[in-house]
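See below for the structure under consideration.
Derivation of every value follows stated rules applied to the coordinates shown; laboratory data play no part. In this text the structure is predicted, and so the values were computed from the model without any measurement. Neighbour counts are summed over all protein chains in view; Cβ atoms, including those assigned to glycine, are modelled from backbone coordinates with ideal geometry.
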Amino acid sequence: MTSWLWTLVNWCSTTALIVFVRDSKFGMPAVQSIHLVGITVLLASVLVLALRLAGLAMTDWPLPWLERQLKPWAVGALTLVVLSGTLIFVGTPAKYLASNPFRVKMALLGLAVLFHVAVVRRFLVMEPDARPRRHLVVAAVSLSVWFLVGWAGRAIAFVP
């Protein structure tokens, strides 16, 4: 991490709000609970979309329509996850920067967002009947990467 960025993160970790959240009895558990709710909503929307993309569920609903219905939930949940995750990170940045699972989680998160924007969105405008095997592969890869983000996040507590 560059020195100016490290200086900024250290300064943020000593602000009154972060110190209160980190050191109070219920601050960090509350932020972590919000983080988990966001992850749950995000993964639920990804799962529903992937099942439809793969042609395994909700086949009576047009794929573009379903994507429009789920997009606000997914974007809102991702925003909640990133904001709460930033609060968690800034509370003890040295702990997270030294954590291999944290680095894996961040890399996978970037990969999951990039894959969704670059690949999944292209398939959402096509009906799965056009190329069913390709849709199934895209849905499986999308689900795998998103769930790996969650599993890597869970490993932060247990793996150095």
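The helices (runs of 4 or more DSSP H) found wholly in region 1-108 and carrying at least 2 residues that are closer than 30 Å to residue 125 by Cα occupy 27-53, 63-91. Within region 89-113, being surrounded by 15 or more Cβ atoms within 10 Å (Cβ to Cβ), over 21 Å from residue 75 (Cα atoms) and among the small types (Gly, Ala, Ser) holds for 91, 99. Only one entry in 82, 119 is free of Cβ contacts under 8 Å to residues at least 24 places away in the same chain, within 15 Å of the chain's Cα centre (by Cα) and under 23 Å from residue 48 (Cβ atoms), namely 82.
Scan region 114-153 for residues that are among the hydroxyl-bearing types (Ser, Thr, Tyr) and within 16 Å of residue 78 (Cα to Cα) and the total you get is 1. Of the residues making up region 114-160, those that are surrounded by fewer than 16 Cβ atoms within 10 Å (Cβ to Cβ), aliphatic (A, V, I, L, M) and not in a helix (DSSP H, G or I) number 5.
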